[in-house]
Amino acid sequence: MKIICLVKFVPDTEKFVYDYETDKIDRDMSRLILNPDDKNALAFAMMQKKKDPSTYVEVVTMGPMKLEEPMKDFVRLGADQAVLISDRQFAGSDSLVTSRIISSYLASKDYDLLLTGTHTLDGGTGHVGPQIAEIMGINQFSNIVAIKEATEEFSIVEALQEEKTYRLKIQNPSVLSVTHQMNLRLGFVRYENIGRNVDDQFSLVSNETLKLLAEKIGGKGSPTKVRKNVVVKREQVAHKVVKVDDEGIEEVVQFLKEKGYL
C-alpha cells in the first residue's frame, strides 16, 4: 500500500513575525510547527507502516526552503520519502492555487491513499483536501475523527458532521482529511538517527520541475483577495497557585464569581 501524506508547517501562534509592510506573516522569520491535524494524518500513516513494513509512506509539503531539515526528520522517523515543494513564485498562493500546485506534483505519482489535515492553525477554510480530490478526480471526505481500516481498495472511517458521527466506506484512491481529534502520537526521531544523512530520500520540487504558468501561481494566480488582516497576539496572564484547603477553595470560588462563572 502506498500512502502520501500532505502536511503543512504553520507559524507558531506564540512565536511568529508579522511583516506590516506586506501585511503578511513572514514565514522565513517565524518559527514553524507541524499543523496538529496534519500531524495526526502522518501519525496514522506511520502506524500503518509499523503494522505492515511493506507500506510505502511519502510526506509532501509546500513551503520555504528552511523546511528541508524538518522534512528530512520525517524520513529519520521512518517515512520512505520526503518532498519539499518550494519556489519564490509560489509565494502568496491561496488555497485553490496551493491545491493546483500540489495536484500538479501528484499527477505523476501512484498512490492508494492521500492523507492530510482538515484545518490548519493559520486558516480554517478546510479547502485544500477537497480541492485536490476534485482536481485529481478521486473520492474524498473531511472532518475524519477515526480511520478504522485502510486497504488498497477501500477505507472505513468515522467523520464528524453537524454534531453527528458517520461511519463510511470510501473507495480508494481517496483523500482523507483528518482532525486532531484522532489524538494519535507521532513520536520523535531516535537518538541514533538524529542528523543521519537521508539526502537520497529527499526531493526538492520547484516550478522548474512543475512548469506551471507564472500567471496561474502565487498571489497573481490566486482569485482570493484579502482586504485586511488583523493581528491578534495572546496576552501573558499571571498564574497563581493555591493550596487544596479551605482558604484555597474560597479563593478559587471568589475568582470564579468575579469572572461571572458563578
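The H on the amide N of Asn172, modeled in the peptide plane, is under 5 Å from the matching H of Phe154, Ser155, each at least 5 residues off or on a different chain. For Glu192, the solvent-accessible surface computed with a 1.4 Å probe is close to 120 Å², ligands and nucleic acids excluded. Using a ≥ b ≥ c from the Cα gyration tensor of the stretch 102-224 (square roots of the eigenvalues), is it rounded, prolate or oblate, where a/c under 1.5 gives rounded and otherwise the larger of a/b and b/c decides, a/b for prolate? It comes out oblate by the Cα gyration axes. The mean sequence separation of alpha-carbon pairs under 8 Å and at least six residues apart, normalised by the residue count of the chain, gives a relative contact order of 23 percent.
Computed extension length for Glu134-Lys257: 39.1 nm, one decimal, from 0.36 nm per residue of separation with the Cα-Cα distance subtracted. Straight-line cross-link partners of Lys240 among the lysines, defined as a Cα under 21 Å from its Cα and at least 8 positions apart when in the same chain: Lys257, Lys259. Take the Cα of Gln161, step 7 Å toward its Cβ, do the same at Asp246, and the gap between the two points is 5.7 nm. Taken about its Cα centre, the chain carries a charge dipole of about 340 debye when Lys and Arg each add +1 at the Cβ and Asp and Glu each add -1 at the Cβ. Relative contact order of the stretch 108-254: 19 percent, from C-alpha pairs under 8 Å at least 6 residues apart in sequence. Protein-only accessible surface at a 1.4 angstrom probe places the residues Asp110, Asp87 in the order Asp110, Asp87, largest first. Where a ≥ b ≥ c are the square roots of the eigenvalues of the C-alpha gyration tensor, would you call the stretch 42-126 rounded, which needs a/c under 1.5, or, failing that, prolate if a/b is larger than b/c, or oblate? The shape class here is prolate.
Remark: for residue pairs Lys49/Lys109; Lys8/Lys148; Lys2/Lys228; Lys39/Lys243; Lys51/Lys109, the C-alpha separation exceeds 30 Å in Lys2/Lys228; Lys39/Lys243. Computed over protein heavy atoms with a 1.4 angstrom probe, the accessible surface ordering of Arg76, Arg227, largest first, is Arg227, Arg76. Checking (i) 21.0, 70; (ii) 19.7, 69; (iii) 18.5, 54 against the coordinates, the calculated Rg and Dmax of the Cα atoms in Å falls under label (i).
Looking at the square roots a ≥ b ≥ c of the eigenvalues of the Cα gyration tensor of the stretch 113-163, which shape do they give, rounded for a/c under 1.5, prolate if a/b is larger than b/c, or oblate? Oblate is the answer for the stretch 113-163, as a/c is 1.5 or above yet b/c matches or exceeds a/b. Ligands, DNA and RNA aside, His119 has an accessible area near 70 Å² when probed at 1.4 Å. Within the full protein context, the accessible area of Ser54 is estimated at about 80 Å² for a probe radius of 1.4 Å. For the stretch 110-154, what relative contact order do you get, as a whole percent, if you take Cα pairs closer than 8 Å and at least 6 residues apart? It comes to 36 percent, rounded to a whole number.
Take Phe9, Phe141 and sort them by solvent-accessible surface of the protein heavy atoms, 1.4 Å probe, largest at the top. Each step should come with its number before you reach the end.
Working: Phe9 20, Phe141 55 Å².
Greatest to least solvent exposure: Phe141, Phe9.
For the chain, DSSP calls about 40 percent of its internal beta bridges antiparallel.
The values are calculated or read from the model by the stated rules, or taken from the named source; none is laboratory data. Model, not experiment: these values are computed from the prediction. Using ideal geometry, Cβ is built from the backbone for each residue, glycine included, and neighbour counts are taken over all protein chains shown. Only protein heavy atoms, including side chains, enter the accessible area calculation; ligands, DNA and RNA are left aside. Shrake-Rupley method; radii C 1.70, N 1.55, O 1.52, S 1.80 Å.
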